[in-house]
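Everything below concerns the one structure shown next.
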Amino acid sequence: MTAKSLAIYEEIVGRVAISQLKQIADDIEGARVVHVNSTKAGGGVAEILHWLIPLMNDLGLKASWEIVEGHDEYFNVTKSFHNGLQGNHVVLTPSMIEVYEQTVGKNADRLRPVLEEADFVFVHDPQPAYLLKLCPNRKGKWIWRCHIDVSHPYRKVWSYLKGLVSGFDASIFSMPHFAQSLPHAQFIIAPSIDPLSEKNCDIPQKEISATLKKFGISPELPVLTQVSRFDRFKDPVGVIEAFSLLNHAVEAQLVLAGGGATDDPEGEAVYREVVDAAQGNDRIFVLQLPSDAHRTINALQRASSIVIQKSLQEGFGLTVTEAMWKGKPVIGGNVGGIRLQVHNHHTGYLVDSPEGAALRMRELLRQPEKMLRIGQTAKQFVRENFLLTRHLREYLTLMAGFRHGLENDLIRV
Ligand code: UDP
């Protein structure tokens with residue numbers, strides 16, 4: 001992907017929004033900013049970092065992106081953290097913690113010089129969180145950016161992680177509901193999408209048609225789509241159940257499109273569960289896509305009448321924003337960050353069960369004018385709230401706040 005400059009967003013967000021970003025960025029010009037996560041491909045965090053780093057650089061900061069590397073054993077442990085933080089009861093043994101700390105330790109040996117020199121380090125999610133303890137001579141502010149729903153974490157996992165993140169200077173959560181008892185400032189920043197990325201830019205109708213053809217999806221019948229990593233929290237099997245409940249009351253097709261993320265070891269097993277659940281229904285298309293299939297996903301979302309995101313837990317759900325930006329009504333799980341985006345009857349529907357999802361699928365498929373109206377409201381809502389310029393502004397403001405002694409102010413409050 002080639003680095004983009006901010007100017008090209010003017011036509012979407014307006015000149016003033018860009019000028020405002022430059023104004024805030026001037027205040028922290030030259031700041032060395034390092035983002036750390038655990039994968040360059042797959043999942044929402046990588047999706048965001050791909051545009052965030054170049055745009056921060058375009059604004060005069062010195063931004064870079066590092067990843068912690070590890071083997072399967074490490075990613076099994078961090079997936080357990082992830083599952084535990086989202087409320088599952090998981091096993092966490094001392095030897096698992098040892099694997100985690102040793103792996104991050106090896107990464108620290110490589111990353112320490114750049115991390116300790118940085119003015120701001122944003123550590124995304126739990127995978128790299130232990131790095132802080134391994135950089136005792138850090139000069140800058142360290143911020144833990146949590147992308148997942150930690151509103152009801154499994155205590156054992158949270159108490160270990162809390163011991164790591166308490167040392168940070170601040171945390172960022174996607175919504176107030178996720179904030180935790182921590183001894184530092186907590187900021188609420190919702191994620192966003194890049195409207196000009198391959199995933200979200202306008203594409204010609206013939207490319208959309210060709211994509212349907214490639215997968216044998218009929219252009220004659222409505223398409224319902226869920227795009228997600230094959231992860232149980234995304235409930236792909238529940239989506240199949242909902243679709244099956246339609247029971248030909250309305251004719252439609254279901255697409256479940258997803259791939260893996262290099263830091264998610266459960267993808268293959270969940271994919272097999274989904275294929276099993278879909279067996280025997282030739283109106284269901286389970287597509288395993290490579291991590292760079294952005295235009296394919298773009299085309300599938302655009303070809304859809306309705307986009308589904310029936311998650312059981314969700315930090316935010318970029319796929320929801322992506323669909324709304326394409327003018328699609330979304331039927332989403334009534335959880336986490338999906339609630340920030342899907343407002344019942346206005347931008348889509350929130351559902352609590354496969355039965356609820358089936359009901360809304362049927363209702364929308366029978367009322368094309370309603371799909372259109374909801375889709376238009378959804379697009380406008382994204383324009384006002386979930387595009388990258390708003391997101392960037394909040395990051396810049398946070399850093400500027402630190403530069404002007406945010407901590408002292410907080411202590412006085
Ligand atoms: N995505 C993708 N390929 C896939 C599955 C997902 O490119 O096979 C993208 C999707 O379009 C979205 C991001 O990965 O941009 C997923 O972000 P989200 O916040 O929805 O969920 P996460 O995977 O981070 O839990």
Pull up the range 233-250, narrow it to residues that are in contact with a Leu (Cβ under 7 Å, 6 or more places away or on another chain) and closer than 16 Å to residue 88 by Cβ, then point me to the one that is modelled with the highest pLDDT. 235
Within the bounds of the range 232-242, is there any residue that is assigned to a helix (DSSP H, G or I), within 14 Å of the ligand (Cβ to nearest atom) and charged (D, E, K, R)? yes
Please return the ranges of helices (runs of 4 or more DSSP H) entirely within the range 1-113 where 3 or more residues are within 23 Å of residue 151 (Cα to Cα) and in contact (Cβ under 8 Å) with a residue 24 or more places away in the chain. 44-58, 72-85
Tell me the residue from 327, 260 that is in contact with a Lys or Arg (Cβ under 7 Å, 6 or more places away or on another chain), part of a loop (DSSP other than H, G, I, E, B) and modelled with pLDDT of 95 or more, please. 327
Sole residue being open to solvent by 70 Å² or more (accessible area, probe 1.4 Å) and farther than 18 Å from residue 233 by Cβ, chosen from 101, 69: 69
If you check residue 291 against the conditions, is it open to solvent by 30 Å² or more (accessible area, probe 1.4 Å) and modelled with pLDDT of 95 or more? no
Among 235, 231, 263, which is the only one that is surrounded by 21 or more Cβ atoms within 10 Å (Cβ to Cβ) and farther than 21 Å from residue 338 by Cα? 263
From the list 95, 80, pick out the single residue that is farther than 20 Å from residue 190 by Cα and more than 22 Å from the chain's Cα centre (by Cα). 95
Does residue 313 count as over 26 Å from residue 85 (Cβ atoms) and within 12 Å of the ligand (Cβ to nearest atom)? no
Since residue 86 meets every condition but one in (1) away from the ligand (no atom under 16 Å from the Cβ); (2) buried (at least 20 other Cβ atoms within 10 Å of the Cβ); (3) under 28 Å from residue 398 (Cβ atoms), which condition does it not meet? (1)
Hey, among the residues in the range 179-203 that are among the β-branched types (Val, Ile, Thr) and under 22 Å from residue 54 (Cβ atoms), which one's most open to solvent (accessible area, probe 1.4 Å)? 203
Can you spot a residue in the range 94-117 that is polar (S, T, N, Q), under 24 Å from residue 44 (Cβ atoms) and touching a Ser or Thr at 6+ places or on another chain (Cβ under 7 Å)? no
Residue 249 vs. criteria part of a loop (DSSP other than H, G, I, E, B), open to solvent by 10 Å² or more (accessible area, probe 1.4 Å) and more than 14 Å from the ligand (Cβ to nearest atom): yes
Selection count where residues are of a type in the set (A, V, I, L, M, F, W, C) and assigned to a strand (DSSP E or B), scope the range 293-313: 3
Of those in the range 327-340 that are more than 12 Å from the ligand (Cβ to nearest atom) and in contact with a strand residue (DSSP E or B) (Cβ under 8 Å, 6 or more places away or on another chain), the residue most open to solvent (accessible area, probe 1.4 Å) is 339
In the set 339, 360, which member is part of a helix (DSSP H, G or I) and under 22 Å from residue 178 (Cα atoms)? 339
Out of curiosity, is residue 226 part of a strand (DSSP E or B) and within 14 Å of the ligand (Cβ to nearest atom)? yes
Check whether at least one residue in the range 318-326 is more than 16 Å from the ligand (Cβ to nearest atom) and within 21 Å of the chain's Cα centre (by Cα), and report yes or no. no
Here the residues within the range 132-162 that are touching a residue at least 40 places away in the same chain (Cβ under 8 Å), under 17 Å from residue 122 (Cβ atoms) and more than 16 Å from the ligand (Cβ to nearest atom) are 140, 141, 143, 161
Residue 305 being away from the ligand (no atom under 11 Å from the Cβ), closer than 24 Å to residue 375 by Cα and polar (S, T, N, Q): yes
For the range 276-292, state whether one or more residues are in a helix (DSSP H, G or I), closer than 23 Å to residue 374 by Cβ and more than 8 Å from the ligand (Cβ to nearest atom). no
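The values are calculated or read from the model by the stated rules, or taken from the named source; none is laboratory data. All figures in this text were calculated on a predicted structure; none of them were measured in a lab. So basically every Cβ, Gly included, is an ideal-geometry build from the backbone, and we count neighbours across all protein chains shown. Keep in mind that these areas ignore ligands, DNA and RNA; they rest on the heavy atoms of the full protein, side chains included. Shrake-Rupley method; radii C 1.70, N 1.55, O 1.52, S 1.80 Å.
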